[in-house]
Amino acid sequence: MLLLKKEQLLAWLNKLTQAYQVFAPVNEEGCVSFKQIEAGDQCTLDYTNSKVPPKEVLFPRSEYLFCYRCEKEHVELKEQIDEHKKVIFGLRPCDARSFLLLDNVFRNERFQDPYYLTRRKNTVLVGLGCNQPPATCFCTSLGSGPFATEGLDLLLVDIGDRYVLEVLTERGQELLSGMELPAADQEAREAAQKVKEGAAVSSRVTLEGLKSKLDVSFDHPLWDLIHEKCLGCAACTYTCPTCHCFDIVDEAQGNEGCRVRSWDACMFPLFTLHGSGHNPRPTNKERFRQRVMHKFKYFVDNFNATACVGCGRCILNCPVNLDIREVIAEIQGTEVRSNKQ
Ligand code: SF4
Ligand code: SF4
């Protein structure tokens, strides 16, 4: 463990921006999100959690996959792989964990996504522990915590006028090259321990038995009610660090164009609309069920992990206060019925 004085932070960030694309929390009119910064003073570490998760650094809202030009039978292709070295600075431990979940989607036996994977390989993650987790967080129910280090290269623990720096990987160590930081002394270690013990995550959900309930609940009448106040706006999915649905379109003119991938969401009716006009998820009921099933059943079936990190963004951002913790509790409280009853 090392010690970093707060007044050293600016110089460190400035130095990092010389060698890396640095994405850090930026406050724009009260809305914090991860933006590329040119200088350290653009970053704020005084925030609870960002409105939009930093997944957009590795999986942008919209990106060119490749551009093409057709000449008779010849097609000229130019891939748009982003190979810049990056640092995501000041992300929360839950968001670092979301990358471990997304890795399953973008790198598995069937699919290797070079766009995500190249960025992932070239990105170093510097976490910031949560001294005061908001009431909507329930990360500890998902096997994480406000100072969890899983997936991080470095972790900063704010102890007032200084940070205790936990160096977790060689890549994290490299970010500190040329800086002569002292080892954290006994007093700083104790202060960090005290901060960790004081960071209580009061909100919990019970996942035990949830998957086996969902296994037999596809046709449960619960779904007829539970979605009722949902507006289908997809704020929950757009701001979720683990949601990863996308659409691909060609933007073309004449004989040339580009293939573009953009975020999409299972909460939108067009997401599953077939060319025939048939929609297998025609109402909010089926779409809301899909969102819950995907996170807590299908992802578990496919990757043996729950696709939620308990960040609470879907709770904070839902305009009608539809709370995923209450949804889980309702499912837990239902009688188990067999499918197709
Ligand atoms: S944010 Fe709320 S209202 Fe909007 S789609 Fe999600 S659950 Fe429905
Ligand atoms: S489902 Fe909600 S609480 Fe879970 S990771 Fe997504 S936004 Fe966060």
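The values are calculated or read from the model by the stated rules, or taken from the named source; none is laboratory data. Everything quoted here is computed from the prediction, not taken from an experiment. For neighbour counting, all protein chains shown are included, and Cβ atoms are generated from backbone atoms with ideal geometry for every residue, glycine included. Calculation scope for accessible area: heavy atoms of the full protein, side chains included, ligands and nucleic acids excluded. Shrake-Rupley method; radii C 1.70, N 1.55, O 1.52, S 1.80 Å.
Points to keep in mind about this one:
- Search result, residues across region 277-311 that are part of a helix (DSSP H, G or I) and hydrophobic (A, V, I, L, M, F, W, C): PHE288, VAL292, MET293, PHE296, PHE299, VAL300, PHE303
- The listed residue being open to solvent by less than 70 Å² (accessible area, probe 1.4 Å), assigned to a helix (DSSP H, G or I) and not β-branched (Val, Ile, Thr), out of CYS240, CYS236, CYS230: CYS236
- Evaluation of CYS258 against (1) outside any loop (DSSP other than H, G, I, E, B); (2) open to solvent by less than 40 Å² (accessible area, probe 1.4 Å); (3) within 30 Å of PRO133 (Cα to Cα); (4) not charged (D, E, K, R) (one fails), failing number: (3)
- Screening LYS85 with (1) loosely packed, with under 11 Cβ neighbours inside 10 Å; (2) farther than 30 Å from CYS318 by Cβ; (3) not β-branched (Val, Ile, Thr) gives one miss only, at (1).
- Every condition in (1) among the aliphatic types (A, V, I, L, M); (2) touching a Gly at 6+ places or on another chain (Cβ under 7 Å); (3) surrounded by fewer than 19 Cβ atoms within 10 Å (Cβ to Cβ) holds for LEU13 except the one numbered (3).
- Near pairs, Cβ below 6 angstrom, 6+ apart or cross-chain, from region 194-223 (assigned by TED's automatic domain parsing to the domain that holds ASN302) to any residue that is surrounded by fewer than 16 Cβ atoms within 10 Å (Cβ to Cβ) and of a type in the set (Ser, Thr, Tyr): VAL216/SER338; LEU222/THR334
- Subset of region 153-176 that is open to solvent by less than 20 Å² (accessible area, probe 1.4 Å) and in contact (Cβ under 8 Å) with a residue 60 or more places away in the chain - its residue that is nearest to ASN304 (Cα to Cα): LEU155
- Restricting region 202-217 to residues that are open to solvent by 50 Å² or more (accessible area, probe 1.4 Å) and of a type outside the set (Lys, Arg), the residue that is farthest from CYS137 (Cα to Cα): ASP215
- Number of the exception - ALA235 against (1) at pLDDT 95 or above; (2) within 10 Å of ligand 1 (Cβ to nearest atom); (3) over 25 Å from CYS94 (Cα atoms): (3)
- Counting the residues of region 92-113 that are within 16 Å of ligand 2 (Cβ to nearest atom) and out of contact with any strand residue (DSSP E or B) (no Cβ under 6 Å at 6 or more places or on another chain) gives 12.
- Listed by first and then second residue, the pairs linking a residue in region 303-322 that is at positive phi to a residue that is more than 15 Å from ligand 1 (Cβ to nearest atom) and not polar (S, T, N, Q), with Cβ atoms under 6 Å apart and 6 or more places separating them unless they lie on different chains, are GLY310/PHE138; GLY310/CYS139; GLY310/LEU142; GLY312/CYS137.
- Number of residues in region 21-53 that are more than 23 Å from GLN8 (Cβ to Cβ) and within 16 Å of ligand 2 (Cβ to nearest atom) equals 7.
- Residue check, LYS213 closer than 23 Å to ASP301 by Cα and either away from ligand 2 (no atom under 16 Å from the Cβ) or assigned to a loop (DSSP other than H, G, I, E, B) (or both): yes
- Residues in region 88-112 that are of a type in the set (Phe, Trp, Tyr) and either surrounded by fewer than 24 Cβ atoms within 10 Å (Cβ to Cβ) or within 17 Å of CYS308 (Cα to Cα) (or both): PHE99, PHE106, PHE111.
- One residue alone among TYR115, TYR68 is within 17 Å of the chain's Cα centre (by Cα), under 30 Å from GLY254 (Cα atoms) and surrounded by 14 or more Cβ atoms within 10 Å (Cβ to Cβ), and that residue is TYR115.
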